[in-house]
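In what follows, a single structure is set out as structure tokens and then discussed.
The values are calculated or read from the model by the stated rules, or taken from the named source; none is laboratory data. Nothing here was measured: the structure is a model prediction, and the numbers come from that model. Every residue, glycine as well, gets a Cβ built from its backbone with ideal geometry; the counts of neighbours run over all protein chains shown. These area figures cover heavy atoms from the full protein model, side chains too; ligands, DNA and RNA do not enter into them. Shrake-Rupley method; radii C 1.70, N 1.55, O 1.52, S 1.80 Å.
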Amino acid sequence: MSAKAIREYHGKKLLSKYVKEVSSGKHVMDDRSVLITPLTDIAGLATTNTWLTTTKLVVKPDQLIKRRGKAGLVGIKLDWDNNENGSTVQSWIAERMQKEISLEDGKVTGTLDHFIVEPFLPHNQEDEYYICIQSTREGEEILFTAEGGVDVGDVDAKASRMVVPLHHEPTVEEILAQGLVQGVHSEQRQQLVASFAMTLLKVYRLLNFTYMEINPIVYNATTNQLEALDLAAKLDETATFLNASQWGGHVDFPAPFGRKEFPEEAYIRELDGKTGASLKLTILNHKGRVWTMVAGGGASVVYADTISDLGFGGELANYGEYSGAPSTEHTYEYAKTLIGLMTRDLDSKGKVFIIGGGIANFTDVAATFTGLIKAITAFQDDLKAHKIKIWVRRAGPNYQEGLQMMRECANSIGLPIHIYGPETHITAVVPLALGLAKLQDFPEFDDEDSPANNNKSSGVIKKSRSKMNLDDDEAKTERKIAATPPATTNGNDKQQHHQVENFTAKTRCVVYGLQNRAVQGMLDFDFMCKRSKPSVAAMIFPYAANHYIKFYWGTDEILLPVFQSTKEALAKHPDVTVVVNFASFRSVSPSVKEVLDSPEICQQIKTIAIIAEGVPESQTRALNLLAKEKGVGIIGPATVGGIKPGCFRIGNTGGMLDNIVMSKLYRPGSVAYVSKSGGMSNELNNIICRNSDGVYEGVAIGGDRYPGSRFIDHLLRYNDNPAIHMLVLLGEVGGVDEYEICDAIKSGRITKPLIAWCIGTCASIFPFEVQFGHAGALARGNMETALAKNSALREAGAHVPPNFFEFGDKVKEVYENLVEKGTLVPAPEPEPPKVPMDYTWAKRLGLVRKPANFISSISDDRGEELQYSGKTISEVFDEDVGVGGVLSLLWFRRQLPEYATKFIDMILMVTADHGPAVSGAHNTIVCARAGKDLVSSLTSGLLTIGPRFGGALDDAARVFAEAVDAGYDATDFVKKMRKSNKLIMGIGHKIKSLTNPDKRVEIIKNYALEHFSDNTVLKFALAVEQVTTAKKANLILNVDGCIAVCFVDMMRSCGAFSKEEADELVLNGCLNGLFVLGRSIGFIGHYLDQKRLKQGLYRHPWDDISYLTGEDL
């Protein structure tokens, strides 16, 4: 979610501060206001805000309520208190505080609990104006009228407008010349208003506002300034990492009035902030009988639409989604929260729980279902008591195992659970759950009659299909086309002018970011499609030196180069025309600009796919503009990418290989689609395959409000391609891009049949504004609603079904009509290709097994807590065994306080061992099994200690201590390290994260906080952790970093050393010495263990080695 409304109080505080700053004091707004809530100490307010008792006041609710004046919710010209002649602010608030009211003819009901109080400004009616700034794709639009206030009327009809392009800062003269402030009665006043509008636009851009409306804005004759009496504004929440310090920690994003936020919603939002996945929850009707738990932003809207279309919108209890590969634990917490809510109120009719979702691209269905089943099992008694029936439809990676696990759960606990897979339409479970369809018409995934078990088509049209030459598929086709082609005869010439790449089987790309799983998926798709060369030429990772990474090409292994520089990667691979950018939302803008700002690179690159979600709209719009100027196409942001069957795949599009085969994405069909949703694009692959001869190309443009390429860009490209016979559009609520398609159909620019549907039809049933899964899925007017867009598309001539449930039927109808007319004459279906299964995946599915390479019996690092010979690390500390006192005497020549020697004991115990798999222990074991003596074996292990293994303590201590001494704050420090392309030693863990903390770190950190007199360096490191984990949850302070910073604090504060002495000891390597000493205990243990077990000579198995000859490199 991107544009979020803020309170008027916070918006005015921001304006009063930054209008003055930006205008260098020329414009000054009154910043006197207070926000009153049930927790406010009203009696003490007048003490800190003396103006409250010396001026007349205005009071009103500050809860995103529209038209407060007409609703009688504004108190004007009141005293703070002690007014014998009438109402006071305090009495006015007391009469309304925590009282329920109804607005908009009873459609919206809510409780008043936030009020803004500010000075009353005497003024004349002619001094009231209206001004609004709203973002557009190309810039900002300013609306102004010289008449403002409650009776401003139809602003859209009467306002003057000025469109300001991105990066352009209008002058006062330009604003006056364009007549924006016409109607303001004097030339001097016009100058003032124009200057203020110019300043307001600068503030709007600086703080990443997405909408701002001031009505009225009033001329203050006393100060010759303009004041905002009423303000409605939205900020771009995704820009928090850019503007948090400017917004201040107090800015909140309240729920729309009429929808009180539940504590469970806040909890899910907190979970969402701790994970790279997406977890969203909005309670619509907590007493509703229909509850959903849907995977995917687009899919969540489709399910809500279907429930609404079938007449059960009033019973819909919640809206939300879980997507982006949430962990098992996060899925459990999400499901547990939902079940807790749905079992709170008993309904004699019972309830339904719909667990739905599209076909996942990369989420492991079995892993998420493990958490879901855990919650269902834990709450089985409550579910039974409330007569809740569960309906499941899911597909994607490992979905067979997930559905089978759900079936076993249903059998073991005796709950009615109906389970369906991809052979069933995505929303078919909705009419089933609501009792509007017959069970016998929809066999479950494991029924004998299920299409999944007997190869029935379930609506698949088993037609033959055309045979394509994949090396030149745009220019040649053996498909028999009617004498009058559906597109213009010069279609191929037109294709050359499209900005987005027309992907072929020769298209190659570079991948920005170490996304090994996605790259392997792309290579597997290439191999399946019989490409002559891999589509991925290289990878780019700016935080490591150039190197190679091993991947599979079929059964063979190949090396792909990883470059530190984009420029070098592209120079080495001149055939690359596409960049697939997996950079995070924080770094995607500079990484894309690196491509667009280089004239040489821009001549080579045709398309950039931006995968990241949460890119600020200001950055997205700037990238779009720059890309357009450079002639480079953008797909995304917030996209899974796109796929061209038989040719090219972006990232994880299309999901796992079994889904590629099921949806026949290994060869081109006749239908091309474009959608916003990545998850729903995979569902479209499925629907189109089952109702036609399959997909020719599909692109998910991304769910943000301003995607780099739009629906029309791709549909025109498809229309101009003679190999494509049908177009499919899946739009959604929000934005107006679909109307361009209507115009193109009416004008004849689009000539091929278009099947279209816009999701989000359920929005009209909600009495308050609901932000759906995608940032752009929010209507800002009637034209942006899904209902209006579907109607317009239908009237323009597109094939629009009555609802999404019938979407596949409409595809089938149009396809069969083309075949019947002879416009499309398919050719035989090729045999599905076979691709080897990865060993890791096969092992996970229980298909293979492999003996361990060696045995260790003294430690185990696989569980939640490190163990030494079966004893947990906590138990070791509980027994208080240590040699810290001896070590302090031998190393530092002085006796340290007891808490310090205890801390040294803790360090040695923690660092003693970390299992047999790490490099040092491995070396020790190999030497022991070779018959070497203890000292030789121990030495072989110790020689592996260095910068990549165990040597991070000194560097972590030095870097954090220097940063503290230099006075850096955490944010600036992280930016500095990033700008220097340096990793922060002591930050990051492969397995542990904020929600799965390392027990060792917790023990050390808590001990230091309790016993050390000064924790300056530790607290700084924890502040850095807050910054880094906001980017990725596993960028935590790890055990090396925690030991290092705590040790510095201990040395500096224990009284035994001066600061200089403590710093010198760290520089001399005492911290690494602690690691060497502690780890030697474990190495010796491994040596003795192997002797005791009488293990023989170790030889590494040859099948675990990649043998590369000269010609392979």
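Tabulated values for the structure
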{"item": "Residues that are surrounded by fewer than 22 Cβ atoms within 10 Å (Cβ to Cβ) and either among the aromatic types (Phe, Trp, Tyr) or within 21 Å of Gly179 (Cα to Cα) (or both), drawn from the range 205-214", "result": "Tyr211, Glu213"}
{"item": "Single match in Glu444, Glu423, Glu408 (criterion: under 30 Å from Ala518 (Cβ atoms), free of Cβ contacts under 8 Å to residues at least 60 places away in the same chain, of a type in the set (D, E, K, R) and out of contact with any Gly (no Cβ under 8 Å at 6 or more places or on another chain))", "result": "Glu423"}
{"item": "Helices (runs of 4 or more DSSP H) wholly inside the range 958-1077 that include at least 3 residues being open to solvent by less than 20 Å² (accessible area, probe 1.4 Å)", "result": "970-979, 999-1011, 1016-1031, 1039-1053"}
{"item": "Selection status of Ala1044, of a type outside the set (Phe, Trp, Tyr) and either touching a strand residue (DSSP E or B) at 6+ places or on another chain (Cβ under 9 Å) or modelled with pLDDT of 90 or more (or both)", "result": "yes"}
{"item": "Identity of the residue in the range 521-550, more than 21 Å from Lys644 (Cα to Cα) and of a type in the set (Phe, Trp, Tyr), that ends up surrounded by the fewest Cβ atoms within 10 Å (Cβ to Cβ)", "result": "Tyr543"}
{"item": "Criterion violated by Lys280 - all others in (1) closer than 30 Å to Gly435 by Cα; (2) open to solvent by less than 20 Å² (accessible area, probe 1.4 Å); (3) part of a strand (DSSP E or B) satisfied", "result": "(2)"}
{"item": "Residue list for the range 856-882, restricted to those being open to solvent by 50 Å² or more (accessible area, probe 1.4 Å) and either small (Gly, Ala, Ser) or at pLDDT 75 or above (or both)", "result": "Ser857, Ser869, Gly870"}
{"item": "Top-ranked residue in the range 158-171 [being modelled with pLDDT of 95 or more and buried (at least 18 other Cβ atoms within 10 Å of the Cβ); ranked as farthest from Ile142 (Cα to Cα)]", "result": "Pro170"}
{"item": "Residue selected from the range 75-121 under the condition of a type in the set (A, V, I, L, M) and open to solvent by 50 Å² or more (accessible area, probe 1.4 Å), by the criterion nearest to Gly44 (Cα to Cα)", "result": "Ala94"}
{"item": "The range 929-950 residues that are under 22 Å from Leu908 (Cβ atoms) and outside the structural domain of Asp913 (by the TED database), paired with ones that are surrounded by 15 or more Cβ atoms within 10 Å (Cβ to Cβ) and of a type in the set (D, E, K, R) (beta carbon under 8 Å, 6 or more apart)", "result": "none"}
{"item": "Candidate set: the range 815-829, residues that are out of contact with any helix residue (DSSP H, G or I) (no Cβ under 8 Å at 6 or more places or on another chain) and in a helix (DSSP H, G or I); chosen: the one surrounded by the most Cβ atoms within 10 Å (Cβ to Cβ)", "result": "Leu818"}
{"item": "Single residue of the range 1086-1099 satisfying the filter (part of a loop (DSSP other than H, G, I, E, B) and open to solvent by 70 Å² or more (accessible area, probe 1.4 Å)) that is nearest to Lys550 (Cα to Cα)", "result": "Arg1099"}
{"item": "Per-region count, the range 138-148, residues crowded, with 17+ Cβ neighbours inside 10 Å, touching a residue at least 40 places away in the same chain (Cβ under 8 Å) and part of a loop (DSSP other than H, G, I, E, B)", "result": "1"}
{"item": "The one condition in (1) closer than 23 Å to Leu514 by Cβ; (2) of a type in the set (S, T, N, Q); (3) touching a strand residue (DSSP E or B) at 6+ places or on another chain (Cβ under 6 Å) that Asn652 fails to fulfil", "result": "(3)"}
{"item": "Within the range 1-22, considering residues that are open to solvent by 20 Å² or more (accessible area, probe 1.4 Å) and farther than 21 Å from Lys66 by Cα, the one farthest from the chain's Cα centre (by Cα)", "result": "Lys20"}
{"item": "Helices (runs of 4 or more DSSP H) wholly inside the range 568-677 containing at least 3 residues that are within 25 Å of Lys1031 (Cβ to Cβ)", "result": "588-596, 617-630"}
{"item": "Any helices (runs of 4 or more DSSP H) falling wholly within the range 888-945 and containing at least 2 residues that are open to solvent by 10 Å² or more (accessible area, probe 1.4 Å) and under 24 Å from Ala1056 (Cα atoms)", "result": "898-911"}
{"item": "Qualifying residue in the range 307-323 (condition: within 17 Å of Lys374 (Cβ to Cβ) and not hydrophobic (A, V, I, L, M, F, W, C))", "result": "yes"}
